[in-house]
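K.L.:
The structure is given below, and queries will be raised subsequently.
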Amino acid sequence: MQEDLCFWFACLVPVPAFSERIFTFSEFLAGLALMVLAWMTADSRYRFRIATAPIPLRHLTFGIVGSVGFLVLLTDLWQAQHWLVPRGNFLSPATWEALLAGLFLVTFLVWALFSFISPPEFGRANATRFHGELYRAIVRGSPGELAEIADEFARSVRTIVAFAPGRRARKGDKSAESEKISTVSGQAHDVLLLIGDRRFCRAVAQSAPITALRLFREMTSAEKLSLPVAAFARNLLHEAIGDSNSFLFHETEAYSSGLVGHDKPVSQAMFGNYRLVEATRALDADYRECQRWTPDQWDAYCRAVLVTFEDFAKSASPWQHSFAMHNAIDRIARSTNDLFRLNGVASSSRDDEIERRLGVVVDFLRSAVEILNRNEPPERYRRGLLRSGHEHGSPTIYDTLARAVFEVVHNACSVRAPVNLCWSIQYVSVRSQLYSFGALEGPGAKIVKLKLRRLIYDSIADMKKKDFPNFEGARVLSFCLNVLGFEFNRASYDPDSRALQAAVLTWVRAHYSWLRTANPLVAQESLPEGVVFDPKQTRLVKTYPVRGLRKKAVRHYFPVNP
């Protein structure tokens, strides 16, 4: 054993024997093994939390744990060799080991704090680390990892929206030169751009709709509608429609989905503010995606559009033009463009996909007009003074809906045979649901039907006005002759059709002979199945063949001017 060694006022003495050890190297290794096991088995959510802590936790932990292990090993070696230490009572062997054990414990508790107790949020201290870790996760693209991180992202939505600038100054923009963007604001802006990745949006739609709920609610409450989330909103819409288990398919109605279907929390947050939808283009679906949608997916899209439409009709002026509403309604109406595929099909069940899609579109248009009925139209509309429809060069919402109904009518005109299918599409699915027999009542519906009558008649009358017979006008004329008939009765129980029927029959009587002379093909196209022209008597003949309870054929005649 070494002897005491003194120099002037300082003495070095051998380490006294430890009566009871508090923290040895073997105990350190056992604790370290448990810590490593916990760190290695943690899922991506907790690894993301550790990586985005406001302090460089991984590097600090490595340094502290390595230093503690080295000092514990050195302490054991020093005690075993009885090496010299300064004499005094300032730091006893037990106190020294307790300090090392406490430092080791604090390291573990800090990990637990940021992993479980108080997970980190996006802020000034971790903005760069948060952006970098999210970037790496999205580039890797692991579905399981993105699902966890998408849900974890909801914690930081409030601070990200708070830090993100309303708009970034463009290079050379003198009006924005004074707008200095800090590092944390730039990182917040880039994070909002980053979450527009299609894979991240898929994870949000499938596993973390609460993230979308919080993001759009924060944007609305903070009045920061111009944040760069357009890509996120559009891709989230596509992914939600593509997944039959997403919020768009569960937030339907209270009857089928209970309270969630009544409140529609995510749908209301994302689509319930039409100004937010205008800014984010949340309803701007890609036409290539739309071509692959099933009727159920179109139904989900229509429900989302109706949520926005309800807020637009309630809070916006009828003269205000909404690009989001106009484009969405036009896209829905154009989804019936393939009705011509049914033309000539011998058998078509009501479950046919094209017919089901037509039913979805018709239900949407009916619902949209019913929403308009809840709000009083402008005074000029109520008096019927404003009929053409445009104010300040832009169509009103009434014009947009009337144009959408006309688009559906025009597409239904392409189904001409067989007779039963033609009647089912044109009369049962379109006319009776959208136009006649009191299908749509109310102040808004009257305006839409007035504009629709004008569109239908103008498309027919333009063939003579512009001296240009065309197949579009011919098909619309065929539709009118098919569903309105030849016999005009002022006492008809269908008052919605009286004015249109009178105008169309008057035009046919005056101009059909001219149409046959100008273009025989267009004239033939303007006659529905079962109607022929009798040149000797200069009249149209409609034949109802023997069918069902009809024991003999019935013919109706309509004379035209020679």
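The values are calculated or read from the model by the stated rules, or taken from the named source; none is laboratory data. Bear in mind that the values here come from a model prediction, so they are computed numbers and not experimental data. Backbone-built Cβ (ideal geometry, glycine too); neighbour counts: all protein chains shown. Accessible surface is based on the protein model in full, side chains and every heavy atom, while ligands, DNA and RNA are left aside. Shrake-Rupley method; radii C 1.70, N 1.55, O 1.52, S 1.80 Å.
K.L.:
Which links in K314/K449; K264/K314; K264/K446; K451/K542; K264/K451 stretch past 25 Å when you go from one Cα to the other? Could the numbers behind the result be given before it?
P.N.:
On the way: K314/K449 21 Å; K264/K314 18 Å; K264/K446 30 Å; K451/K542 29 Å; K264/K451 33 Å.
Going by Cα-Cα distance, K264/K446; K451/K542; K264/K451 fall outside the 25 Å limit.
K.L.:
Taking the Cα centroid of region 208-222 and of region 417-431, what is the distance between the two, rounded to the nearest whole Å?
P.N.:
Taking the Cα centre of region 417-431 as reference, the centre of region 208-222 is 45 Å away.
K.L.:
Also, I was wondering about something else. Just the number, please: carbon plus sulfur as a percent of the accessible area of region 461-562, 1.4 Å probe, no ligands or DNA/RNA counted.
P.N.:
53 percent
K.L.:
Given 5 Å bins starting at zero, what is the percent of C-alpha pairs of region 42-141 in each, up to the one with the largest pair distance?
P.N.:
P(r) over region 42-141, rounded to whole percents: 2, 11, 17, 17, 13, 10, 8, 7, 7, 5, 2, 1, 0.
K.L.:
Can you give the charge dipole size of the chain about its Cα centre, rounded to the nearest 20 debye, using +1 on the beta carbon of Lys and Arg and -1 on the beta carbon of Asp and Glu? Walk me through the numbers before you get to the answer.
P.N.:
On the way: 68 positive and 57 negative charges, 678 e Å.
It works out to roughly 3260 debye.
K.L.:
Still on this model: As a test of the definition: which semi-axes, in Å, follow for region 407-562 when you take the square root of five times each eigenvalue of its alpha carbon gyration tensor? Largest first, please.
P.N.:
In descending order, the three semi-axes are 23, 21, 15 Å.
K.L.:
Taking the Cα centre of the chain as the origin and placing charges on Cβ (Lys, Arg +1; Asp, Glu -1), which of L134, V409, A222 is farthest toward the positive end of the dipole?
P.N.:
Positive-end residue among those listed: V409.
K.L.:
What number results when the radius of gyration of region 251-364, computed over Cα atoms, is divided by 2.2 N^0.38 Å?
P.N.:
Values: Rg = 15.6 Å, N = 114, 2.2 N^0.38 = 13.3 Å.
Normalised by 2.2 N^0.38 Å, the Cα Rg of region 251-364 equals 1.17.
K.L.:
Report, by chain and number, residues whose modeled amide H sits under 5 Å from the one on C11, excluding near sequence neighbours (fewer than 5 apart, same chain).
P.N.:
Long-range HN contacts for C11: R87.
K.L.:
At a probe size of 1.4 Å, how large is the accessible area of K466, to the nearest 10 Å²?
P.N.:
Roughly 140 Å² of K466 is accessible to a 1.4 Å probe.
K.L.:
Which three extents, in angstrom, do the Cα atoms of region 81-127 have along their principal axes, listed largest first?
P.N.:
Rounded to whole Å, the extents work out to 50, 20, 20 Å.
K.L.:
Taking a Cβ-Cβ separation under 4.7 Å as the criterion for a possible partner, which cysteines of the chain have none?
P.N.:
C201, C290, C302, C413, C422, C480
K.L.:
Distance in nm between label sites at C11 and L109, each 7 Å beyond Cα in the beta-carbon direction?
P.N.:
Spacing of the two 7 Å Cα→Cβ label points: 3.8 nm.
K.L.:
Something else: Report, to the nearest whole %, how much of the accessible area of region 182-304 belongs to carbon and sulfur atoms, 1.4 Å probe, protein only. Each step should come with its number before you reach the end.
P.N.:
Values: 2370 of 5070 Å².
Using a 1.4 Å probe with all protein chains present, region 182-304 comes out at 47 percent carbon and sulfur.
K.L.:
Plugging the Kirkwood radius over Cα pairs into Stokes-Einstein for the chain, at a temperature of 20 °C and a viscosity of 1.002 mPa s, what D comes out in µm²/s? Don't skip to the end; give the middle numbers.
P.N.:
Details: Rh = 29.6 Å.
The Stokes-Einstein estimate is 72 µm²/s.
K.L.:
Mind pulling the per residue volume of the convex hull built on the Cα atoms of region 181-337? Å³ is fine. Don't skip to the answer; put the middle values down first.
P.N.:
Working: hull volume 19.4 nm³, N = 157.
Looking at region 181-337, the number lands at 124 Å³ per residue.
K.L.:
Quickly work out the K464-to-S315 label distance, labels modelled 7 Å from Cα along the C-beta direction, and quote it in nm with one decimal.
P.N.:
If labels sit at S315 and K464, their model points lie 4.9 nm apart.
K.L.:
Skip the ligands, DNA and RNA, and give the accessible area per residue of the chain with a 1.4 Å probe, whole Å². Intermediate results must be reported in sequence, preceding the final value.
P.N.:
On the way: 28600 Å² over 562 residues.
Solvent-accessible surface per residue comes out at 51 Å².
K.L.:
To the nearest 0.05, what FRET efficiency results for K536 and S432 with a Förster distance of 35 Å applied to their C-beta separation? All intermediate terms of the calculation are to be shown ahead of the outcome.
P.N.:
Values: r = 36 Å, r/R0 = 1.02.
With R0 = 35 Å, the Cβ-Cβ based efficiency is 0.45.
K.L.:
Which shape class, rounded, prolate or oblate, goes with region 256-320 when its Cα gyration tensor gives a ≥ b ≥ c as root eigenvalues, a/c under 1.5 marks rounded, and past that a/b bigger than b/c marks prolate?
P.N.:
Values: a/c = 2.01, a/b = 1.13, b/c = 1.78.
Because a/c hits 1.5 or more and a/b fails to exceed b/c, region 256-320 counts as oblate.
K.L.:
I would also like to ask the following. Among W423, T159, F70, flag the residue with its Cα farthest along the positive direction of the charge dipole of the chain, charges on Cβ as +1 for Lys/Arg and -1 for Asp/Glu.
P.N.:
Ranked along the dipole, the leading option is W423.
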